[in-house]
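Single-structure report; data block below.
Derivation of every value follows stated rules applied to the coordinates shown; laboratory data play no part. Since the model is a prediction, treat every value here as computed from it, not as a measurement. Backbone-built Cβ (ideal geometry, glycine too); neighbour counts: all protein chains shown.
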Amino acid sequence: MPLRSRIAGTGMSVGNRVVTNAEMTQWMDTSEEWIEQRTGIKERRWIDETQRPSTLAAEATNQALEQAGLEVGDIDCILLATLSGEHDFPGTSFFLHELIDAGDIPCVDLRAQCSGFLYALQMGDALIQTGSHKRVLVVGAEVHSTGLDISTEGRDVTVIFGDGAGATLLEAVEAEADGPGVLQIRCHAQGKHARRLWTEGPSSARHPHRIDEQALAEKKHFPHMEGRFVFKHAVTRMPEVLLETLGGASLELDDVDLFLFHQANLRINEAVAQRLEIPKEKVRNNIERLGNCSAGALPILLAEASRDGSLQPGQLVSLTAFGSGFTWASAVVRWG
Ligand code: COA
């Protein structure tokens, strides 16, 4: 019988510091109302001095292992999606590897920004389907707060980002008709829009040094976004890929019990739900508390939903993301 990836465990961890909209108004020309009305965000969590991307990832991983009733030694491979690597190299996955004492199993970072978790899920699922790997740890981990322009110039981007990591443990199971597991994943990209939402430096394409005084003065080390352009693409691409993915699994919108969307802006998610006529009670968001944790957003939502009983065995959950690259992707999973 063919193999499928069951999500055997989930976990999450976020920054220790609660950063409210009121706090943002002390650094930049903004208002609590503007942020909440335009983005849905009331507060976000940023790391303190005791935390870094890999410590968030490790905490999420340990929870996922515990939920699955497994040990680190049971994992065959680690895939970690991030756009905010702990160091230039090696990847954050190696620092996670060190923290959880993962022996000599392979690990690798994937860079597909806010869609990164779904890209990593697709690759982990593919490893499991070949039969070469029994258990793959798939993590999304971000620390944005140490790379943001908190002045008025950076206000459009800075208000939306939070720090957090989510982990899922994939386990090989036989692909039974109504059995649990990842049923379908579709990923897309359009590199022609790479510069619409990016952090330009430090850059190995810059001569003679990756970063210098001039680049710092021009704020090339901070993210820049054409917000409206990104917004418009997000509300078009997310419904498209969600429907494509359900179609690939011969499912209808009505079959889905829970819809999880990337958490960049509540208005994006409301627009996507409206276009697809998805009832509000089937959509779960956490952006009002956590902001946008990029690759961490979807696995954090999954961890929350699986812990508070919103996701029951046998139910179908749809996950959809859009982000820098541009990238967009969707997955449909039968829980259990
Ligand atoms: N506080 C107050 N005013 C702000 C602000 C802030 N934090 N950020 C931007 N503004 C201002 C702008 O300067 C602009 O002022 P102007 O009209 O005087 O020029 C005005 O608000 C409108 O700016 P705009 O960028 O058009 O706002 P928006 O309604 O599009 O909201 C975003 C900005 C960033 C919230 C929104 O564009 C967005 O969510 N984009 C997509 C994000 C996304 O999906 N990213 C992908 C994954 S990370």
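Treating each Cα of the chain as one equal point scatterer and applying the Debye formula with no solvent, the log10 of I(q)/I(0) at q = 0.11 Å⁻¹ comes out as -0.66. When only alpha carbons are used to place a centre, region 57-87 and region 265-336 end up 20 Å from one another.
Computed from point charges on the beta carbon alone (+1 for Lys and Arg, -1 for Asp and Glu), the dipole magnitude for the chain about its Cα centre is near 880 Debye. Between the beta carbons of residue 151 and residue 42, assuming R0 = 30 Å, the FRET efficiency works out to 0.85 to the nearest 0.05.
When the charge dipole of region 3-174 is built from unit charges on Cβ atoms (+1 for Lys and Arg, -1 for Asp and Glu) and taken about the Cα centre, the candidate among 173, 21, 106 whose Cα reaches farthest toward its positive end is 173.
Distance between the 7 Å Cα→Cβ label points at residue 308 and residue 219: 3.5 nm. Determine the shape class of region 3-174: with a ≥ b ≥ c the square roots of the Cα gyration tensor eigenvalues, call it rounded for a/c under 1.5, and otherwise prolate if a/b is greater than b/c, oblate otherwise. Taking the square roots of the gyration eigenvalues as a ≥ b ≥ c, region 3-174 is prolate. Here r is the Cβ-Cβ distance between residue 257 and residue 174 and R0 is 30 Å; the resulting FRET efficiency, rounded to 0.05, is 0.85.
Roughly how big is region 164-236's charge dipole about its Cα centre, with Cβ charges of +1 (Lys, Arg) and -1 (Asp, Glu), in debye to the nearest 20? Using Cβ point charges on Lys, Arg, Asp and Glu, region 164-236 gives about 660 debye. Restricting region 266-308 to GluC sites (Glu not before Pro) that sit in a DSSP loop and have at most 10 other Cβ atoms within 10 Å of their own Cβ leaves 277.
Using just its DSSP H runs of length 4 or more, each adding -39500 (n - 2.57), the chain gives a mean residue ellipticity at 222 nm of -9500 deg cm²/dmol after division by all residues.
Extension gain, residue 244 to residue 212: 0.36 nm times the residue separation minus the Cα-Cα distance gives 7.1 nm. Helices that extend 18 Å or more along their long axis by alpha-carbon positions and average at least -0.5 on the Kyte-Doolittle scale are, among the DSSP H runs of the chain, 53-68, 116-129, 227-248.
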